[in-house]
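Only one structure is covered here, and it is reproduced in the block below.
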Amino acid sequence: MRKNKIGRKNLELYNVYKISGVNSDNFVNILKNKGVIIKDFVKTDNKNAVISVSFADNEKFFAITREMCYNIKKVGEKGRHRFLLKILRNAGLFIGALLFVAIAAFSDDFIYSVDYYGSGSVYSREVDEYLNSRGVKPFARFSELNLAELSDGILSASDKMSFAECAKSGNRLKITLVLSPDPVKTLGGDKDSLVSSVDGEIEYIKVYRGTALKKAGDRVACGEAVVGGFAVIKETEVKTGVIATVSVKAEFGYNYVSEKDNDEIAAEIFARAAFGDGEILDLTVKKTALSSGNYGYSVKIFYRRIFYG
C-alpha cells in the first residue's frame, strides 16, 4: 500500500467507503473496537452501507478489513481540509497554474504594438517619433506609463490635432487622434476669457493659462465662459490672458419637408449644408408622415467643436 507522503494524518479528513455485505453493524463494531475512528455510518439497505473513516486510520482500516467478507469501494472524501488535500495531491499542477497566471499577468504589461485610429492617424509617423522620444515602443511596459499624460503630450506636441487619447487594449496601445479643423490655429493668450459658442457638454479642457470655470462632463450654454482670464496666487486674484483649448460635444437639428417618401438622403445633404463648423460624430434621420400628405424629416447631427484661447 502507498505510504502517506502528504501528512494526511495531521488533517481533518475522512475517506468515504461503500460497504456491501451482511451484518454491517457488526462490521462497524469490530472497527471501533480496534480503535478506528468513524465519523459517519449510514445503512442504505440490508446489505449496503456508507461509512466515513479517518485518514489517520486508513492503513489500520484496510489491515482489519482485508480478511473480512465485505466488498469495499471508496466513493469519496470529506472533511474540513478536503480542499487542502487536493492541493497537496496536485502540487505540481497547482504551482504550474499559479505560474501561468503570474506569467500571463506579467506579459499583459508589455506593449506589443501601437495602433492608430481616427482622422489624425495620417500623422502616425510624427506621433511615433514623439512616442520614441518618450521611450514608448514595443515591449515597453504599460505600468511605467501615465496614459493621460501621454495623451496630453501628443496633443501639445502637434498643432494638427484637436484630440488625442491613449488607452490600453490587451497588449496593444490604442491611440485615437482627431485632426484639428484649423491646424494652423495658435494659442495667442490675448483673450480675457474663453466662451462657448454652442450649447453642449464639455468633453475636455486643457488650460495653460487662466482658470477653468467648468470641468469635463459639465453642460455649457452658448455665450457662457468656460475659462476665465484670471489666476489665484496666494489667495490673491490676478488678471491674465487665457491660453486654453476646450472641446464641446453638441447637437445640431435640421427639419426638412418633402413630397417624397424615403427621402432621407436629401434631408441629410441639406442638413450637412446648413451645419456649421465642427467634427461630425454621428447623424440620425427620423421620418414623420405629415397631415398635409408630405413627409417631415428630422435630422440630428452630433458633433465636436474645439475652441481655442
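Annotations for the structure displayed:
- For first residues located in region 11-33 and closer than 13 Å to V75 by Cα, partners that are aromatic (F, W, Y) and lie 6+ apart or on another chain with Cβ distances below 7 Å form the pairs Y14/F55; N15/F55; I19/F27; I19/Y70; S20/Y70.
- Residues being surrounded by 16 or more Cβ atoms within 10 Å (Cβ to Cβ) and either assigned to a strand (DSSP E or B) or in contact with a Lys or Arg (Cβ under 6 Å, 6 or more places away or on another chain) (or both) - total across region 214-224: 1
- Some residue of region 293-308 being touching a helix residue (DSSP H, G or I) at 6+ places or on another chain (Cβ under 9 Å) and exposed (fewer than 13 other Cβ atoms within 10 Å of the Cβ): no
- Criterion: within 25 Å of D218 (Cα to Cα), without any contact (Cβ under 8 Å) to a residue 12 or more places away in the chain and not aromatic (F, W, Y) - qualifying residue of E251, E237, E279: E237
- Tally, over region 1-33, of residues that are under 15 Å from F55 (Cα atoms) and at pLDDT below 80: 15
- If you go through region 128-153 and keep only what is in a loop (DSSP other than H, G, I, E, B) and within 26 Å of Y208 (Cβ to Cβ), you end up with R134, G135, V136, L145, N146.
- F163 being part of a strand (DSSP E or B), of a type outside the set (D, E) and touching a residue at least 60 places away in the same chain (Cβ under 8 Å): yes
- Check on L85, at pLDDT below 80, surrounded by 15 or more Cβ atoms within 10 Å (Cβ to Cβ) and in contact with a helix residue (DSSP H, G or I) (Cβ under 9 Å, 6 or more places away or on another chain): yes
- Unique residue being free of Cβ contacts under 8 Å to residues at least 60 places away in the same chain and closer than 26 Å to G200 by Cα when the list is A267, A244: A267
Condition check ((1) modelled with pLDDT under 90; (2) loosely packed, with under 14 Cβ neighbours inside 10 Å; (3) under 13 Å from D199 (Cα atoms)) across all residues:
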position: A212; (1), (2), (3): no, no, no
position: V232; (1), (2), (3): yes, yes, no
position: T240; (1), (2), (3): yes, no, no
position: I243; (1), (2), (3): yes, no, no
position: V248; (1), (2), (3): no, no, yes
position: I269; (1), (2), (3): yes, yes, no
position: A273; (1), (2), (3): yes, yes, no
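- Selection status of R272, outside the structural domain of S162 (by TED's automatic domain parsing), touching a residue at least 12 places away in the same chain (Cβ under 8 Å) and in contact with a Gly (Cβ under 8 Å, 6 or more places away or on another chain): no
Condition check ((1) among the aromatic types (F, W, Y); (2) closer than 20 Å to K78 by Cβ; (3) at pLDDT below 80) across all residues:
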site	(1), (2), (3)
I38	no, yes, yes
F41	yes, yes, no
A49	no, yes, no
F55	yes, yes, yes
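- Matching residues in region 253-267 - criterion: being over 18 Å from V198 (Cβ atoms) and assigned to a strand (DSSP E or B): N255, Y256, V257, S258
- Cross-chain or 6+ apart pairs with Cβ under 6 Å, region 290-305 first and assigned to a loop (DSSP other than H, G, I, E, B), then among the hydrophobic types (A, V, I, L, M, F, W, C): N294/V257
The values are calculated or read from the model by the stated rules, or taken from the named source; none is laboratory data. What you are looking at is a predicted structure, and each value in this text was computed from that prediction instead of being measured. Note that each Cβ is placed from the backbone with ideal geometry, even for glycine, and that neighbours are counted across all protein chains shown.
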